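The values are calculated or read from the model by the stated rules, or taken from the named source; none is laboratory data. Predicted model, so just to flag it, every value in this text is computed and none were measured. Positions of Cβ are generated from backbone atoms using ideal geometry, with glycine treated the same way; all protein chains shown enter the neighbour counts. Protein only, heavy atoms only, side chains kept; ligands, DNA and RNA dropped before computing areas. Shrake-Rupley method; radii C 1.70, N 1.55, O 1.52, S 1.80 Å.
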Amino acid sequence: MEMLSPVPDLRSLQIVAAVADSGSMVEASRQFGMTQSAVSQAVRRAEAAVGVAFFNRTSRPLTPTRAGRILASRVLELNRV
């Protein structure tokens, strides 16, 4: 049985940041050349790995939670380095 890593992989974190930045899993899927379903799964895996929701799923466009905003800003900052 595979155990979840306590730290999501970098690509999943980049996907979360792209969704937070665009407010859309569809737009993030275009950026990464993935299906919307694959983006959604990556976001859920990242959330499960850390035990925190990154998005408020009750509104459209998707809005990041405080944790999602913090994560997105850090990932975007790392991408600039």
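In nm, what is the difference between 0.36 nm times the number of residues separating ASN56 and GLN36 and their Cα-Cα distance?
Answer, rounded to one decimal: 5.5 nm.
Hey, what do the phi angles of segment 59-73 turn into as Karplus ³J(HN,Hα) couplings, whole Hz, using 6.51/-1.76/1.60 and θ = phi - 60°, x for Gly and Pro?
Ordered by residue, 3J(HN,Hα) equals 10, 10, x, 4, 10, x, 6, 4, 4, x, 5, 5, 4, 4, 5 Hz.
Placing unit charges on C-beta atoms (Lys and Arg positive, Asp and Glu negative, everything else neutral), compute the dipole magnitude of segment 24-81 about its Cα centre in debye, rounded to 20.
Charge dipole, segment 24-81, about its Cα centre: 80 debye, nearest 20.
Add -39500 (n - 2.57) for each DSSP H run of 4 or more in the chain, then divide by its residues: what number comes out at 222 nm, to the nearest 500 deg cm²/dmol?
So the calculated ellipticity at 222 nm is -20000 deg cm²/dmol.
Give me the 1.4 Å probe accessible area per residue for the chain, excluding ligands and nucleic acids, in Å².
Value returned for the chain: 65 Å² of accessible area per residue.
What is the percent carbon and sulfur in the accessible area of the chain, measuring with a 1.4 Å probe over the protein chains and ignoring ligands?
The C+S portion of the solvent-accessible surface of the chain is 56 percent.
THR63's amide H: which non-local residues (gap 5+, or another chain) put their own amide H closer than 5 Å, with H modeled 1.01 Å from N in plane and none for Pro or chain starts?
For THR63, whose amide H was placed from the backbone, the distant partners under 5 Å are ASN56.
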